[in-house]
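Colleague: Handing you this structure, nothing more for now.
The values are calculated or read from the model by the stated rules, or taken from the named source; none is laboratory data. What you see is a predicted model, and the numbers here were worked out from it, not measured in a lab. Here the Cβ positions follow ideal geometry from the backbone for every residue, glycine too, while neighbour counts run over all protein chains shown.
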Amino acid sequence: MGWVFVRVGSLSTLTAIVLACLTVEPATAAPSARKIAQRVDQALAEEVFDEQAKLAPRCDDATFLRRVWLDLVGDIPAPEDVIAFQLDPSANKRARIVRQLFASPHYGQNWARYWRDVVFFRRIEDRSLLAANAMEVDLAEQLNANVGWDKIASEFITASGDVRDNGSTAIVMAQDGRTEEVTAEVSRIFLGIHLQCAQCHDHPYDRWKREQFHELAAFFPRVGLRQLQSPVRRSFEVYASNRDRGRLRPNDNNSRPAPEHLMRDLEDPSAPGAKMQPKFFLTSGASLPLGTEDARRRQQLAQWLTDNQWFSIALVNRLWSELVGEGFYEPIDDIGPDRQALSPAAVKLLAYSFRKNEYNLKWLLRTICSTEAYQRDSRPRRGPEGTALTANVPQPLRSDQLFNALLSALEVDEDSLGPNSRAAGARRRETRRMQFAAVFGYDPSISREEIAASIPQMLALMNSDQVHRGISAETNRTMARLLDTVEDEEALTVELYLRCLSRQPTEAELTEVFFYSQEVDNRREVFEDLLWALLNSAEFQHRR
């Protein structure tokens, strides 16, 4: 099925050619990531940048290495990795390190945690977190195996079973099995369309009608959530009921299945409401008859949804925003045909090529990492009048990335940095995850300007007993070893900067440490203080 895109605005000859190419199914193999990256940069130059645009220069190797490590595997490189990368004279070393990071199991774990946050930050209640671990484990395995995004999305839409065993049940569990809430999240996450605004009335800003929301909801009424009874294990099950006889009801926040979905009559709330036929709002004629069994409803929806252009555009836009710092559409989960992209040609070229590469996530990430837009130096987020995409934008680390960076900088394991050194290892890790995420976690779908450092965050690192144990030479063997074996103070300063910031200190920073050492005259105290200051710096807590 070919894609036909509507031409928006006045485009250059180059951009028109790019868009025209997208309307034809090529017989040849899909272009390489590098070639598509070049064409994306060319489209940005045509559509976004004018003669006055001040593009940031390419970032240095140290910045690129730390950036790509955090983006792909959710951690920071070791000092030896930084030095080796800077000394490598190869012209293709940036592309090579991307390929190497994809081979790490931490790639899947990092992005599984990202999607876990996307799903569970919008949860209805905390008991849904029972499904979080299964989602993280199962999705990490799929991502490392490079399963296509269409197949992953389809499993989320069609999932059933014990939520502790099947991670794909996470969306249904996070929304308590409620038909309308599940519908809204499926549209938001996989299509980037905020269809829930049409739940009670026609969408105030987009073309979507109330009937279209409830026709989409009609794919999910037979799905429910129930508690599994066990004296030793608490869990829930996503299940389907195909009984065509039963209580028909409009949405009333009930997680029990119903034969069909009813749209409430707003003028007469006591009336039963209209019985809705399953229809997919983005594809003309895509509908199923009333009475269709649950499995066919959800499987058919998954097919129609993943074959739609907005499925690819939504994912491309989200990952571009995560890696470059600004999406083609903002907010990233409120896009659609009534929105204007920053660069229509660039986003559509990426989305089309992503589809031609069988929804290969590693291919898409490799393509974005190959663009000049990704590899530019970072600058603060632009104002309303600034030119888009002239630089990469610093991103606050997600809670898992920040915790991994702490572990790597201090060279400690999770247990030693846990809140209770006497607790069992698994319980310590779970407590750490919950406590740390509660302070530093944020919804990855929100605009980054909405994220601001808080007093609890500052206190968590500045005054944390766990961090102080990691810094102290009395309790951290790595710090003790460095103080004993690295006698030169400048060399030790360089080592700590490489460990924390993945770069060498500037002359001004070396001078500052030197004068501080003269003032304090206690070597251990000087370098424990330096390590504390580096961990508490904005540079450590952000991806530049």
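Colleague: Is at least one residue of region 305-319 free of Cβ contacts under 8 Å to residues at least 60 places away in the same chain and surrounded by fewer than 22 Cβ atoms within 10 Å (Cβ to Cβ)?
Modeller: No: zero hits.
Colleague: Select, from Leu535, Leu498, Leu530, the only residue that is aliphatic (A, V, I, L, M), surrounded by 19 or more Cβ atoms within 10 Å (Cβ to Cβ) and in contact with a Pro (Cβ under 6 Å, 6 or more places away or on another chain).
Modeller: So the residue among Leu535, Leu498, Leu530 that is aliphatic (A, V, I, L, M), surrounded by 19 or more Cβ atoms within 10 Å (Cβ to Cβ) and in contact with a Pro (Cβ under 6 Å, 6 or more places away or on another chain) is Leu498.
Colleague: Determine if region 275-295 includes at least one residue that is part of a helix (DSSP H, G or I) and exposed (fewer than 14 other Cβ atoms within 10 Å of the Cβ).
Modeller: yes
Colleague: OK, next. Just to check your reading of the model, which residue among Ser235, Ser241 is of a type in the set (Gly, Ala, Ser), at pLDDT below 95, in the same structural domain as Gln299 (by TED's automatic domain parsing) and surrounded by fewer than 18 Cβ atoms within 10 Å (Cβ to Cβ)?
Modeller: Unique residue meeting the criteria: Ser241.
Colleague: So, one more: Find all pairs meeting these conditions: Cβ atoms under 8 angstrom apart; at least six residues apart or on different chains; first residue within region 465-479 and modelled with pLDDT of 90 or more; second residue buried (at least 19 other Cβ atoms within 10 Å of the Cβ) and aromatic (Phe, Trp, Tyr).
Modeller: Short answer, once both residue conditions are applied: Met479/Phe527.
Here is a yes/no grid of residues against (1) closer than 30 Å to Leu319 by Cα; (2) among the hydrophobic types (A, V, I, L, M, F, W, C); (3) in contact with a Cys (Cβ under 7 Å, 6 or more places away or on another chain):
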| position | (1), (2), (3) |
| --- | --- |
| Ser187 | yes, no, no |
| Leu191 | yes, yes, no |
| Phe213 | yes, yes, no |
| Arg222 | no, no, no |
| Val232 | no, yes, no |
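Colleague: It is to be established whether one or more residues within region 451-463 are of a type in the set (A, V, I, L, M) and touching a strand residue (DSSP E or B) at 6+ places or on another chain (Cβ under 6 Å).
Modeller: yes
Colleague: Which residue is surrounded by the most Cβ atoms within 10 Å (Cβ to Cβ), if the candidates are limited to region 471-488 and must be of a type in the set (Gly, Ala, Ser) and assigned to a loop (DSSP other than H, G, I, E, B)?
Modeller: Among them, the one singled out is Ala473.
Colleague: Residue under question is Ser168, and the condition is that it be of a type in the set (Ser, Thr, Tyr), over 22 Å from Pro331 (Cα atoms) and surrounded by fewer than 22 Cβ atoms within 10 Å (Cβ to Cβ); does it hold?
Modeller: Judged against the criteria, Ser168 is not a match.
Colleague: For region 34-55, give me the residue count where each residue is assigned to a loop (DSSP other than H, G, I, E, B) and surrounded by fewer than 16 Cβ atoms within 10 Å (Cβ to Cβ).
Modeller: Qualifying residue count, region 34-55: 5.
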